[in-house]
Amino acid sequence: MKQAERSARRQHTAVTIAVVFLLMSFGFSEAHAQEATSFEQLKLLIKPGDTVTVRESSGQITKGKIAAMTGSSLRLVSGGGIRDMADRDVLEVRQRRGDSLGNGAINGAIAGAAFGTLSAFLADCLSDSCGGERVAVIGVVTGLGAGIGVGIDALIIKTKVVYRGPLRESNMRLNIAPVIDKHSKGVAVSVRF
């Protein structure tokens, strides 16, 4: 009887560990930030005083603070000057933002639960009634993992795209032609704007 209980307990432990690792594989997907496609939507994501980097359709990149914003224009203070930009001229707006703390808490809790489960079931018990102790270990290590995950995510700052304008047709033309003569072989490339 004792042998059958141990075998059942080992099987239960193996199933629990497999389930935890399966859950972990789903937990580590990266969340995508919100991205506006119009200045009306962008007004909900950024506000005057925020520092942004703007890439215009001309190719120029400007970093500055937002002075004002409407549904169709953006006023940027950059390098002591003020630039007014229409939405039709802006391809992309980027902003430095902190990482979401929620995914750090979830990922940390999953990792903590996996480690806690593994430690609790691999530890030798002097008595057969270790269930409460194992649950306590799993709970404490899960909480520690969540806290560590939040702490790590609080340190992560990334530059994220907060606005991406519609693609516009460019006047740029690229021509590629083969060049073959007695003395050389190659490719001629020309770019026209």
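Just so it is clear, none of the values below were taken in a lab; they were calculated from the coordinates. Computed from a predicted structure; not experimentally measured. As a convention, Cβ positions derive from the backbone with ideal geometry for all residues, glycine included, and neighbour counts pool all protein chains shown.
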Cross-link partners of K63 among lysines (Cα-Cα below 17 Å; sequence separation of 8 or more within a chain): K47, K158, K160
Sorted by Cβ density within 10 Å, fewest first, the residues R164, R88: R88, R164
